[in-house]
Number of protein chains: 2
Amino acid sequence: MKKISIAIIDDHQLFRDGLLSLLSAYDDDYDLIGSFNSGASFFEFLEKKESPDVLLLDLTMPEMDGFSVIEKIKKKKLKLKIIVLSMHDDGSYILKAARKGADGYLPKNVDAAELREAIFKVYDGEKHFSAEISSRMFDVLSIEGNMSSKLTPKEKEVLLHIAKGLTTKEIASKLFVSSRTIETHRLNMMKKLNVKNSSELISTAMKLRLIK
Amino acid sequence: MKKISIAIIDDHQLFRDGLLSLLSAYDDDYDLIGSFNSGASFFEFLEKKESPDVLLLDLTMPEMDGFSVIEKIKKKKLKLKIIVLSMHDDGSYILKAARKGADGYLPKNVDAAELREAIFKVYDGEKHFSAEISSRMFDVLSIEGNMSSKLTPKEKEVLLHIAKGLTTKEIASKLFVSSRTIETHRLNMMKKLNVKNSSELISTAMKLRLIK
DNA sequence: GATAAGCTAAGTATAAATACTTAGAAAAAT
DNA sequence: ATTTTTCTAAGTATTTATACTTAGCTTATC
């Protein structure tokens, strides 16, 4: 049987080393072709060498984050499977990865056997999102499901000011527009997120990471 | 020179393996006496064997989390240094660890040299919080500094309902008290957190992880 | 050039929140 | 047993937010 070729992208050594160790438990099944500390160095590598079958990818990295790496892979129409291996068991992160086209998502507490299962599954064209992961995605989806569309830049700007405790009037004078405009923005956001008032707007927005 | 004895507590294999790999870079300096997947198994080990000099500890674990491990160590008055090695670069986590008595805090992107430096520093009785870490702590402290005291259980209950979008009247009837009582709770919280209105109350509370 | 999306703004009425304070009863802590 | 904290509640005036709509103008997008 052909070995599955694997690459790792992660900015921290600890994680890369840990993954290497997990992979080595089933050494005969894999062919590790590279371990990279950034998306850039991975794409550099691809210019000379062949693409791996499966990419193990961290999300939070400086400069080019995991999401951008997925985007670039899809843009280049590379035929490799992507497993996101992230420290964030946060629903919105997982969902975003899935939307961008990740084939699997593993939380931090993987063991060698679970990792192996995921790799084989995505290599065979299946998706791998664990039950726990799926339920978290579901939480966010249930909020988003009621969200008719994304917030516009101006709306986000207003949202930030609301979170800071500014009143409608204060925000209006800060942005040089009428109070009614700010009210409209706020009310539009409340409709989009399907919430009843400003307090729920803030808490829902923070859950969805529209503000941090 | 005597080797520094080290133990690791982390629930995920990937992390433990990664740490082992990082430690092996300066193999001669350390004496790894144990690697544990839970606080319980570490304390079990301590009943028979001697305590390590330095403990590398993860925060987020099932059952007994890292904070509880620190507490138990302090209660038992064990003389070992604790370095928290966490995936959370979140100010409130770091601060909580420091308050409980952690001697150092390292973010996820440690390399072997940084880890070594931290281990030697805490072994010598110093504290090790990197500049980045310290600044995050400072962010939370600056909010907390203006917080006269903690929220009471009832206040937290009211806070949750506010975050869900309930009005004062709705919360009052839900908790079988007068609207004025709920108002008092809300206003007291606003004073404690030094915020101007409900929106800022929610955003600040979420930053401080008073609600999730 | 047409279509869609985003930003701007307003009318009118009602509901809710906020600013300021004070204070008694109950529960918890010491 | 006493002190402290928490929970409860209210008065009055003012400010802010919300409900429900409509709509012109500007800026992208195709």
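Structure above, values below:
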read-out	value
So B:Val69, is it aliphatic (A, V, I, L, M), touching a Gly at 6+ places or on another chain (Cβ under 7 Å) and part of a helix (DSSP H, G or I)	yes
Filter result (in a loop (DSSP other than H, G, I, E, B) and under 12 Å from the mean Cα position of the chain (by Cα)) within segment B:72-102	B:Ser86, B:Met87, B:His88, B:Asp89, B:Asp90, B:Gly101, B:Ala102
Check on A:Ser148, modelled with pLDDT under 90 and more than 10 Å from DNA strand D (Cβ to nearest atom)	yes
Which listed residue is in a loop (DSSP other than H, G, I, E, B) and either crowded, with 23+ Cβ neighbours inside 10 Å or at pLDDT 85 or above (or both), from A:Glu44, A:Glu50	A:Glu50
Filter result for A:Asp90 (in contact (Cβ under 8 Å) with a residue 60 or more places away in the chain, of a type outside the set (Ser, Thr, Tyr) and within 25 Å of A:Asp27 (Cβ to Cβ))	no
Total residues in segment A:60-74, condition of a type outside the set (A, V, I, L, M) and modelled with pLDDT under 80	3
Whichever residue in segment A:171-198 is near DNA strand D (Cβ under 7 Å from one of its atoms) and over 15 Å from A:Leu151 (Cβ atoms) and, among such residues, is farthest from the chain's Cα centre (by Cα)	A:Glu183
Residues located in segment A:108-124, provided they are hydrophobic (A, V, I, L, M, F, W, C) and either within 23 Å of B:Leu59 (Cα to Cα) or surrounded by fewer than 20 Cβ atoms within 10 Å (Cβ to Cβ) (or both)	A:Val110, A:Ala112, A:Ala113, A:Leu115, A:Phe120
All positions within segment A:155-185 that are more than 10 Å from chain B (Cβ to nearest Cβ) and more than 9 Å from DNA strand C (Cβ to nearest atom)	A:Thr168, A:Lys169, A:Ile171, A:Ser173, A:Lys174
Hits in segment A:23-46 - residues which are in contact with a strand residue (DSSP E or B) (Cβ under 9 Å, 6 or more places away or on another chain) and among the charged types (D, E, K, R)	A:Asp29, A:Asp31, A:Glu44
The listed residue being surrounded by 17 or more Cβ atoms within 10 Å (Cβ to Cβ), under 26 Å from B:Asp10 (Cβ atoms) and not β-branched (Val, Ile, Thr), out of A:Gly39, A:Gly66	A:Gly66
Unmet criterion (only one of (1) acidic (Asp, Glu); (2) modelled with pLDDT under 85; (3) within 16 Å of DNA strand D (Cβ to nearest atom); (4) touching a Lys or Arg at 6+ places or on another chain (Cβ under 9 Å)) for B:Asp139	(3)
Residue satisfying condition, being of a type outside the set (Val, Ile, Thr), within 13 Å of chain A (Cβ to nearest Cβ) and out of contact with any Cys (no Cβ under 8 Å at 6 or more places or on another chain), within set B:Leu95, B:Leu46, B:Leu85, B:Leu55	B:Leu85
Hits in segment B:94-112 (condition: touching a residue at least 40 places away in the same chain (Cβ under 8 Å) and not charged (D, E, K, R))	B:Ile94, B:Leu95, B:Ala102, B:Val110, B:Ala112
Hey, A:Lys127 under 25 Å from the mean Cα position of the chain (by Cα), within 30 Å of B:Lys191 (Cα to Cα), modelled with pLDDT of 85 or more and surrounded by fewer than 17 Cβ atoms within 10 Å (Cβ to Cβ) or not	no
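The values are calculated or read from the model by the stated rules, or taken from the named source; none is laboratory data. Keep in mind that what you see is a predicted model, and the values were worked out from it rather than measured. Cβ atoms come from the backbone with ideal geometry, glycine included; neighbour counts cover every protein chain shown.
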